[in-house]
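Q: A single structure is presented below for examination.
Only the coordinates and a few stated rules stand behind these numbers; no lab work does. The shown structure was predicted, so the numbers you read here are calculated from the model rather than taken from an experiment. All Cβ positions, glycine included, derive from the backbone under ideal geometry; neighbour counts span all protein chains shown.
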Amino acid sequence: MTGLLTPRWTSFPQRRNVHINDNVLHSAYEFGVQKVVSCLSTCIFPDKTTYPIDESMIHNGPPHSSNFGYSYAKRMIDVQNRGYFEQHGCRFTAVIPTNVFGPHDNYNIEDGHVLPGLIHKVYLAKKNGTALTVWGTGKPRRQFIYSLDLARLFLWVLREYDEVEPIILSVGEEDEVSIREAAESIVEAMDFKGELIFDTTKSDGQFKKTASNGKLRRCLPKFQFTPFKQAVKETCDWFNVHYDIARK
Ligand code: GDP
């Protein structure tokens, strides 16, 4: 009986997101935690927007329908951070990284993100002497951030970034690359000689979500990002060496 009376929405994963966020922030408040850095995502920004997106635009309109509940749960972290600051003076803040990649990622072909997914596919294509299939047209554009660079920036945020307002952690707009360019970088790093096929029956997803790293640059003008090709090479090398233990 209980099952029948349980409304379906109680199992929404977004509901768990809301609970996790609220539990973490409220426990941090109760235990007097000095600083909390939560992680938002560029997919929470308004679907209809101008580019580049910046930190002031988070709440400016509904998110993309594919991320609706997740995005609002994430946006509420920013609302709560402001509330805890206004009412209790807490230094809780949030960062907004763009597409992260690097060693120890999820390399599952079905549910991993594009770079780890393609690295795994190239590995198998090389081993089996088959073509590499890239989903979609290859035209969408993304700003990729290397996980080691992001880790360095997280530590800086934890130690020195003093604002409650979120900060975008990303390479510049000029470093945005197309999915085709990203795939070609992997092909080069893995020394894959086979054919590339673009499967246009698969979705391209959002065409772009270009984010401004202007605020980060004003705070940290000298920060050096690992060049994309070098970071891809290091990631591919890690995957090749750790194939047996990689999450896939
Ligand atoms: P998103 O930024 O959240 O959309 O992140 P994804 O990492 O899932 O990247 C999506 C883009 O990469 C879309 O344009 C996909 O069509 C394209 N893509 C091409 N090949 C792959 C692949 O093997 N795996 C994934 N996840 N995306 C791919």
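Q: If you fit an axis through the alpha-carbon atoms of helix 147-160 and take the longest principal axis of the Cα set of the chain, what angle between them do you get, 0 to 90°, nearest 10?
A: On a 0 to 90 degree scale, this one is about 20.
Q: Same structure again: For every other residue with a beta carbon closer than 15 angstrom to the beta carbon of Tyr51, add +1 if it is Lys or Arg and -1 if Asp or Glu, then tell me the sum.
A: That works out to -2.
Q: How much of the pair distance distribution for segment 39-104 lies past 14 Å, counting alpha-carbon pairs only, in percent? Walk me through the numbers on the way to the answer.
A: Details: 1295 of 2145 pairs.
Tail of the P(r) past 14 Å holds 60 percent of the pairs.
Q: Sticking with this one: Restricting things to Cα coordinates, could you compute the convex hull volume per residue of the chain in Å³? Before the final figure, lay out the partial values.
A: Numbers: hull volume 43.4 nm³, N = 248.
Expressed per residue, the convex hull around the Cα atoms of the chain is 175 Å³.
Q: I've got another one for you. Separation between the Ser66 and Ser178 pseudo-spin-labels, each 7 Å from Cα along Cα→Cβ, expressed in nm?
A: 1.9
Q: Give me the extension gain from Lys193 to Gln206: residue separation times 0.36 nm, minus the current Cα-Cα distance, reported in nm with one decimal.
A: 1.7 nm
Q: Using the 10 angstrom Cβ neighbour count as an exposure proxy, how do Trp156, Trp135 rank, fewest first?
A: Starting with the residue having the fewest Cβ neighbours, the order is Trp156, Trp135.
Q: Across every pair of different alpha-carbon atoms, what Kirkwood hydrodynamic radius in Å does segment 1-120 reach?
A: Details: mean 1/r = 0.0604 Å⁻¹.
Taking the inverse mean of 1/r over all distinct Cα pairs, segment 1-120 comes out at 16.6 Å.
Q: Using DSSP, restrict attention to beta bridges with both residues in the chain and report what percent are antiparallel, rounded to the nearest 5.
A: 15
Q: Where does each of 114-121, 17-24 land if you order them by average Cβ count within 10 Å, highest first?
A: Result, highest mean Cβ count within 10 Å first: 114-121, 17-24.
Q: Suppose every K and R has +1 on its Cβ and every D and E has -1 on its Cβ; what is the size of the dipole of the chain about the Cα centre, in Debye to the nearest 20? Working shown, then result.
A: Values: 30 positive and 29 negative charges, 58 e Å.
Using only the charged Cβ atoms, the result is roughly 280 debye.
Q: Multiply the residue separation of Asn23 and Asn128 by 0.36 nm, subtract the distance between their alpha-carbon atoms, and state the gained length in nm to one decimal.
A: Result for the pair: 33.1 nm of gain on full extension.
Q: When a footprinting reagent is the concern and you count Cβ atoms within 10 Å, what order do Cys90, Cys39 take, fewest first?
A: Cys39, Cys90
Q: Per DSSP H run of n ≥ 4, the term is -39500 (n - 2.57); total these for the chain, divide by its residue number, and report the mean residue ellipticity at 222 nm rounded to 500 deg cm²/dmol. Each step should come with its number before you reach the end.
A: On the way: 8 runs with 103 residues, N = 248.
It comes out at -13000 deg cm²/dmol, rounded to the nearest 500.
Q: Which number do you get for Rg(Cα) / (2.2 N^0.38 Å) in segment 148-215?
A: Compactness ratio reported: 1.55.
Q: Something else: Report the convex hull volume per residue for segment 79-141, counting only C-alpha atoms, in Å³. All intermediate terms of the calculation are to be shown ahead of the outcome.
A: Values: hull volume 8.2 nm³, N = 63.
Roughly 130 Å³ of hull volume per residue.
Q: So who's got an amide H within less than 5 Å of the one on Asn99, skipping anything under 5 residues away but keeping other chains? H placed 1.01 Å off N, in plane.
A: Gln143, Ile145
Q: Could I ask something else about it? List the pair-distance distribution P(r) of segment 113-248, using every Cα-Cα distance, as the percent of pairs falling in each 10 Å bin from 0 up to the bin containing the longest distance, rounded to whole percents.
A: 11, 37, 32, 16, 4, 0
Q: With θ set to phi - 60°, apply the Karplus curve 6.51 cos²θ - 1.76 cosθ + 1.60 along segment 18-29 and write out the HN-Hα couplings as whole Hz, x wherever there is a Gly or Pro.
A: 4, 5, 4, 4, 5, 4, 5, 5, 5, 5, 4, 4
Q: Let me ask you something else. Using the Kirkwood radius over Cα pairs, work out the Stokes-Einstein diffusion coefficient for segment 114-173 at 10 °C and 1.306 mPa s, in µm²/s as a whole number.
A: 108
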